[in-house]
Each structure stands twice: as C-alpha cells, then as structure tokens.
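Only one structure is covered here, and it is reproduced in the block below.
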Amino acid sequence: MKNYSRRDVLKLAVSAPMFPIATSGAMVFFTSATQAATKDLTVESVSFTSMPAPSLSNPGAMARTEIGSALEVSYTNGIKKSFQLAYEPFFITGNMVPDGKGSQTLAGGYYDINNRPIFDRSVAGKARHIFSDGPDGTSLLKLPKTNLKGIKGKPVFAVVQFEYTTANLKGDKIYGTLPSAIAVLTLDQDQKNGRLSLVQYSNVDTSSANGLWITCGSSLSPWNTHLSSEEYEPDAPFIADNKRFKEFSKNLFGDESSANPYHYGHLPEITVHPDGTGSIVKHYCLGRISHELVQVMPDNRTLLMGDDFTNSGLFVFIADKEKDLSAGTLYVAKLGVGFSINPGDIGTSLSWIKLGHATSDEIKSFADRLKPSDIMTVLKTDPNDSSFTKIFYDGQANWVKLNPGMEKAAAFLETHRYAYLMGGSLGFSKMEGTTVNIKDKIAYTALQNIQDSMVKTGKGWNANSGIALNEPLIAGGVLAHQLSGGLKDQFGNTILSEWMPHQMYPLLKGEDITPDALGNLANPNLISNPDNLKFSEKLRTLFIGEDSSTHVNNFIWAYNVNTKQLSRIMSMPSGAEATGLGVADDINGWTYITSNFQHAGDWLPKLHDKVKETLDPLVKENYQDKFGAAVGYITAKSLGIKLS
C-alpha cells in the first residue's frame, strides 16, 4: 500500500518552536517572549472560544479537520491571553509507519486469529491488506519505566483501537465483518515543546481473547490500562440468521461457524509494556451488553457503563477488588418518576437491581460450553403461553422463558433480556459515552439520539422503562447523574460503593430543525448526536464528540461546567464521525486532547445532498480515496509557557 501523500493538508503551520501548557488542555502554546513575564502567575480560569461552522464558501475546510477556536487563559492578577488551536495527526490509516524493528507496518491493518493480514480481494488483480477507516477509542499514557530505543525526549504511549472499515474496493458495505484491531503507539515527547512524534507502531495480539468485535469508545483506567469495548453484542439465540457474524467468523477463523457469539460483547483490557507492546485480557463478568465506553470511578472499583443499543439500560459493575475487573457484581438501574430531557428539570431518582455476582473465568466457562437454548427460550412471536414473559430487545418484542437454575448465565450472557425480566429500565436508545466530574461527584452519559424505545409511539417502547416521551429528539442530548453512597439494592442490601448514580437529570440537548441552507437537520450551534464524552478536572470542561446524522460536519464541543459556556472547538471532514476523544490532564507537565475521525465522505441522503458533489472529490483527495482516517491530537499555532 502506498503511503498517504497528502498528510500536509491536515497540518496547520507552526511558525516557531512550541512550549505547551502544563496542567491545561489541548496542547496549547504561548510565545516564548512571555515566558519570564508570566512564569509566576496563577491561572484563575480557562475557557474556549467558539469557532464558526464551516460553509461552502470554503469547501476545503468542510473536507478536512478544521479548528478555528482558541483557548483563553485568565490569571489571578487580571492578565488574559488567547491562543489559537490546531490539529496534528500521528498518521492517516493506510500509511506505512515504523514498527520499531527497522521496518514498516500498515497503520490500521486487520489481522486474523493467527495474526496474518486480511486481504480485500473484491476486485480482481487489486488484492490489498485491508485497513480501517474507523479508528475510535484512544488512551494516552506514560509508564514509570521503559525499555525503548530511538527516544530523544520522553516516551509516551497511545493505545488506539480500530472499530471497523466501511466498504471494500468493490464498494460493498463490510461494517462489522472484520475482527477489530488494536495498536500501541510509542511516541517521542519533545521536552522543549511537548510535541509528540510516532516512533513505533505495535499491533496487539488479540488471539487469546478470541479476537475482538466492533471496538468503539474507550477509557483510561486509573491504574493506567486501556479499557476497550465490544458493542452491539451478537444476538446469540438468532445467530444462525446473522450474515454479518458469519462473515466475521470467516475473516477471523477462516470459516463461518467457528466464532461463538457468547465470546463477544464483553470488556477487553489492554496493558502497555515497557517495550511499547501491549497484551490483552477480556473480562466476561461485566455483562454482555452493547459496551460503548466505561468510566471507572475514583474508588477503582465502580464502573458506569455506556450501552449503545435500542432498549438499553444504565448498568454499573462493582469489582470485588480495586484495580481488578476479574470478579464483581452487576447492577441495572430502575428509573423513578419524572424522567425528562429538558435542561433545568430535576429529573428522576434511580434505584438499583442486583443482577448477579460472578468471576470472569466463571462466565467464560459458561460462554465456552452453553448454547442459547441452555439458558432461555426466546421467541419473536407470541406463543400464547403464560410461562413466557413479553419483553423488548433491540426494538422488537420477544417472549422469553428462563430455564431453571440459569439465572447467573442469563445475567452475564443474556444481560439485556435478563435485566428486563428483573425489572430494570430497558428503555434508552443509544446510551453511549460516559465520564465523571470527580470534584462535583457528577457523571455524564451521552444519548446519541432520543427516539424509538424512549418515545411512546416508537419501536421497543415499554411503560416499564419509566421513559415516556411524546416526541423524538433525533439530535439527542447529555444526561447528568448525581453520585453518592449508602444506596440499597432490591433486597435491601447496601451497595458497597460511594459512587453510585442516585439522581438522573438532563444537562444539554440538541434541537431538530427543518433543513437549513446547507442541509443541517439539527441546529448547528448546539450539540447534536453526542457520542464520545470526556471530562477534564483541571479545565473544568466536558468535551463532547458528535456521531451525527443531522450535522453536515460533525464537531467537538467544550462545555465549561462552571460558566455553562458551550464552545465549538473542532470540525471533522464532512460525513465523518468524531471519535477517539480523550483528555490527559498531565503527562510530564503537559495536557493533551486526543481526537480521531471515522468514514469521511459517508454521504447521507438529504443531509449531504447540497454538499456531496462539491466535497466528494476533496475528501477523496485528502483521505486515501475515502479509505483513510486520521488518528491525532489537538495542538496550537502559537508558542507558550507552562501554566503551573
């Protein structure tokens, strides 16, 4: 595969050496001339200015990553300074990058269970190693000790997962048919300016985890590991009808029947080693749900989990031991009255239903040997049999009968169905990213859209969920959760965590509109279809990345929880989803925001009708004929000092 030759299109000019802010955000820089004058100042507040949404008056800006925002810093003595931001990619997928062994490897490449490259042979005579156009979850971290060559500054590592690729050379859609890849990037952090440069790309061998299925959002654990995800768990009782899963099995194992659906839909954890390699463990005891992104609370035991599904629930896992996800207890929330999506409303109280306690090894053994029919009978038509219970699963009515003695297996392998049977509120639609504001003891959850099972006329709606909206809000919103301790489960037993959500209320929402002059179906000056969420304690800022079918360009937003200021800070190429959002508040004195995107130029009817003809050739030129996507981070155009 040829190297991507237009990477410079993505880079914004930097006129002189850089000195990034310490304990601030986004690799922002000040002029070196101000260093001595401000080195003893104390930062009072930090905010982001808002950039305008790109328009067809500048089609080039719509067809690439674009930043027109600034970071503003106020000091306690009244001095204020403003610094323009920019974006720097580590690579575009499809690039050849250094493997640390004197050779090069394909960025974002896919591999089978034996770590052999998977080839696209859809066009005769043009076979190629398939690479991803869907990089997603990214964690930036450092290690206390390393064993590396070629580092001039200090080593920093990024774990990047590649969720999927959209299409093959022939143009066939192949989403979800490839085993997701994960790589560890070794980065050289220049100690004069904080810039990060790629020196080694190392694929993680996922064979011990039976490969990975649709890895989406991620988070960095407090103990410095990358917590991945497997969303849209394969529906095991009806797996015989799942053509996508058969193709996944063929790509991974070489045949359509080897993959076991119960091995997917769990939580993989990646540990980075001092030589820049990574190893993986898949945890089977956190519930088999549509894992999007988990957030570990400061107790190192409590995990709030995103569930990107129709008829999804709010789930919490509490580990038996700190920094160890190999055993614990799974809970699902039950909503009280008053659920609302209107910011300012008090919202609803939450109670918690214990689904079960298990070890990962225990559930893995169930997954290895049990068939769906061993656990429960699931029908899609009414059997007119009172021994069955009607539930809703992924927007459809199911009739379910649990086999005697299979409660634990059902709780951890058929989690959505079992949680419904137990009385959980399974009524959300696409509950995605989660994050936590430790100081205020508030967690946040993104609702990528608010429709279907959340609306009384929608598919999958059920009164038992406690959610009964009259109209959908396709633009979605963000929920907040007050956290506390002393809560009890349905049996009256105290839940052993001080970080349990007890009150849920709306924080932000988008606004659906009739198409504007550009084609936007949601107000471009508000969030729409929020997906990735990350909170910075030092910036007091909630960062929001969009996965929008309603904005012509998707954005990253910064919401200051003190001032309530919402600022657009970055725009993705048109048709692309904002992914890989992460905030590292302090790595050797600097703070970084990571940002990737997926599937640039993925044109949707109506939304992109007015821009497609103009932008399609530009996106193709920028991103490997639309097969490539960027993995990178936010930087700045100007120079600076450290804030602390």
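The values are calculated or read from the model by the stated rules, or taken from the named source; none is laboratory data. Given the structure is predicted, the values throughout are model-derived calculations rather than measurements. Positions of Cβ are backbone-derived with ideal geometry, glycine not excepted, and every protein chain shown enters the neighbour counts. Only protein heavy atoms, including side chains, enter the accessible area calculation; ligands, DNA and RNA are left aside. Shrake-Rupley method; radii C 1.70, N 1.55, O 1.52, S 1.80 Å.
Within the range 363-411, the only residue that satisfies the criterion of being farther than 16 Å from GLY265 by Cα, in contact (Cβ under 8 Å) with a residue 60 or more places away in the chain and part of a helix (DSSP H, G or I) is SER373.
Report whether or not SER47 is out of contact with any Cys (no Cβ under 8 Å at 6 or more places or on another chain), of a type in the set (Gly, Ala, Ser) and either without any contact (Cβ under 8 Å) to a residue 60 or more places away in the chain or open to solvent by less than 10 Å² (accessible area, probe 1.4 Å) (or both). No, not satisfied. Just the residues that are open to solvent by 50 Å² or more (accessible area, probe 1.4 Å) and over 25 Å from SER595 (Cα atoms), please, taken from the range 68-116. Passing the criteria: THR76, ASN77, GLY78, ILE79, LYS80, LYS101, GLY102, SER103, ASN114, ASN115, ARG116. Out of all the residues in the range 209-224, which are surrounded by fewer than 24 Cβ atoms within 10 Å (Cβ to Cβ) and hydroxyl-bearing (Ser, Thr, Tyr)? Hit for the range 209-224 is SER221, nothing else. Based on what the data block shows, is THR579 touching a Phe, Trp or Tyr at 6+ places or on another chain (Cβ under 8 Å) and either within 27 Å of LEU56 (Cα to Cα) or open to solvent by less than 10 Å² (accessible area, probe 1.4 Å) (or both)? In short, yes.
Of all residues in the range 123-132, those satisfying the criterion of being within 30 Å of the chain's Cα centre (by Cα) and either open to solvent by 10 Å² or more (accessible area, probe 1.4 Å) or among the small types (Gly, Ala, Ser) (or both) are ARG128, HIS129, ILE130, SER132.
Based on this model, can you work out whether ASN470 counts as modelled with pLDDT of 95 or more, surrounded by fewer than 24 Cβ atoms within 10 Å (Cβ to Cβ) and closer than 19 Å to THR310 by Cα? Here the answer is yes, as ASN470 does meet what is asked.
Determine whether the range 230-237 contains at least one residue that is outside any helix (DSSP H, G or I), in contact with a Ser or Thr (Cβ under 7 Å, 6 or more places away or on another chain), under 19 Å from SER290 (Cα atoms) and aromatic (Phe, Trp, Tyr).
yes
Within the range 585-608, the set of residues being open to solvent by 10 Å² or more (accessible area, probe 1.4 Å) and not in a loop (DSSP other than H, G, I, E, B) comprises ASP585, ASP586.
Of the residues VAL611, VAL631, only one is among the hydrophobic types (A, V, I, L, M, F, W, C), over 25 Å from the mean Cα position of the chain (by Cα) and open to solvent by less than 10 Å² (accessible area, probe 1.4 Å); which?
Unique residue meeting the criteria: VAL611.
Residues that are open to solvent by 10 Å² or more (accessible area, probe 1.4 Å) and modelled with pLDDT under 95: does the range 548-565 have at least one?
Yes; the residues of the range 548-565 include at least one that is open to solvent by 10 Å² or more (accessible area, probe 1.4 Å) and modelled with pLDDT under 95.
Any idea how many residues of the range 203-229 are of a type in the set (Ser, Thr, Tyr) and part of a strand (DSSP E or B)? Number of matching residues: 1.
May I ask you to verify whether LYS323 is under 25 Å from PRO261 (Cβ atoms) and charged (D, E, K, R)? For LYS323, the condition - under 25 Å from PRO261 (Cβ atoms) and charged (D, E, K, R) - is not met.
Is it true that ILE375 is farther than 23 Å from LEU293 by Cα and crowded, with 21+ Cβ neighbours inside 10 Å? It is true that ILE375 is farther than 23 Å from LEU293 by Cα and crowded, with 21+ Cβ neighbours inside 10 Å.
Among the residues of the range 177-202, count how many are touching a Leu at 6+ places or on another chain (Cβ under 9 Å), assigned to a strand (DSSP E or B) and not β-branched (Val, Ile, Thr). Before you say what the answer is, go through the steps one by one.
Restricting attention to the range 177-202, the residues satisfying the condition of being touching a Leu at 6+ places or on another chain (Cβ under 9 Å) are 178-182, 185-190, 193, 196-202.
Now drop any that are not assigned to a strand (DSSP E or B), which leaves 181-182, 185-189, 196-202.
The next check asks that each one be not β-branched (Val, Ile, Thr); those that pass are 181, 185, 187-189, 196-198, 200-202.
Result for the range 177-202: 11.
Among the conditions (1) without any contact (Cβ under 8 Å) to a residue 40 or more places away in the chain; (2) open to solvent by less than 10 Å² (accessible area, probe 1.4 Å); (3) of a type in the set (Ser, Thr, Tyr), the only one that TYR444 does not satisfy is (1). Among the aliphatic types (A, V, I, L, M) and not in a strand (DSSP E or B): which single residue out of LEU496, LEU533, LEU542, LEU508 fits that description? Exactly one of LEU496, LEU533, LEU542, LEU508 is among the aliphatic types (A, V, I, L, M) and not in a strand (DSSP E or B), namely LEU496.
Of the strands (runs of 3 or more DSSP E) lying entirely inside the range 294-360, those containing at least 2 residues that are crowded, with 22+ Cβ neighbours inside 10 Å and within 24 Å of the chain's Cα centre (by Cα) are 302-312, 315-321, 324-335.
Please go through the range 194-208 and give me each residue that is crowded, with 21+ Cβ neighbours inside 10 Å and either closer than 19 Å to LEU267 by Cβ or touching a Pro at 6+ places or on another chain (Cβ under 7 Å) (or both), ordered by number. Selection gives GLY194, GLN200, TYR201, VAL204, THR206.
A count restricted to the range 109-151 and to residues that are among the aliphatic types (A, V, I, L, M) and within 28 Å of HIS291 (Cβ to Cβ) stands at 6. Scanning the range 133-164 for residues that are part of a loop (DSSP other than H, G, I, E, B) and under 16 Å from the mean Cα position of the chain (by Cα), we see that the one that is surrounded by the fewest Cβ atoms within 10 Å (Cβ to Cβ) is TYR164.
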